[in-house]
Amino acid sequence: MPQDALILQNPAQPAQLILLFHGVGSNARSMGPLGQQLAERFPQAMVVSVNSPYPSHAPGGFQWFSVAGITEDNRLGRIADAMPAFIDCIQHWQAQAGLGPEATALIGFSQGAIMALESTQVPPALASRVVAISGRFAQLPSHSTYPGTIHFLHGKQDAVIPYSHTVLAAHHLRDLDTDITAEVLPFIGHEVHPEFVPLILDKLGTHISHRVWADALKPEPTKH
């Protein structure tokens, strides 16, 4: 697939890769303001906002899968059909950056968040961190072996994807021992709201996985 994208920052030797994915009917430019703030916060990161590959109903808009006639029954199949192209996209930009999954963060809004979340169920892991803004799983995972961290952000006034999806997923994944954080903010609808930005910068800049903490707290083996 063509790798149409808005490259917001491309250092000579990137230390990390941050990929942004827009919502259905939008395009890479819509994630540009967030990408620019990420670039300022992480000057050694390659920051890329990706266009979804398929035209949508909206003029100048794109999508990973059609939402026309979508139901709870057919959503999972549409995502599965779109996932190979999503994986190819991530691996393309990893090759461009010369980095692997451990140095990759995926940030998605709405349909972009859906694709990023569902990609955590595809082994091996494609990224070490996923930020899902106003997203959801098509179906809650029955098990999770995802070794990275998932950060959920949702507006309580979201009328497109209700915030209850984030609450249910966060509790469910925590029970599966997946490292997660979840923030639900009042008075915010279905949007990449400015109030989300400092939370994203903080999560990507300071959060330490509970697995890392657990490993650090393990007693050293006794020497004989």
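Where a number appears in this text, it was derived from the coordinates with a stated rule and is not lab data. Computed from a predicted structure; not experimentally measured. Note: ideal-geometry Cβ built from the backbone for every residue, glycine included; neighbour counts use all protein chains shown.
Observations on the model:
- Put in line by how crowded their Cβ is, counting other Cβ atoms within 10 Å and starting with the fewest, S110, S52 read S110, S52.
- DSSP-defined beta bridges in the chain - what % are antiparallel, rounded to 5: 20 percent
- A Gaussian network model of the chain, with springs between Cα atoms under 10 Å, assigns the largest mean-square fluctuation among H165, H57, H151 to H57.
- Helical mean residue ellipticity (222 nm; -39500 (n - 2.57) per DSSP H run of 4+; nearest 500) of the chain: -10000 deg cm²/dmol
- Rounded, prolate or oblate (a/c below 1.5 giving rounded, otherwise prolate when a/b exceeds b/c) for segment 5-217 by Cα gyration tensor: rounded
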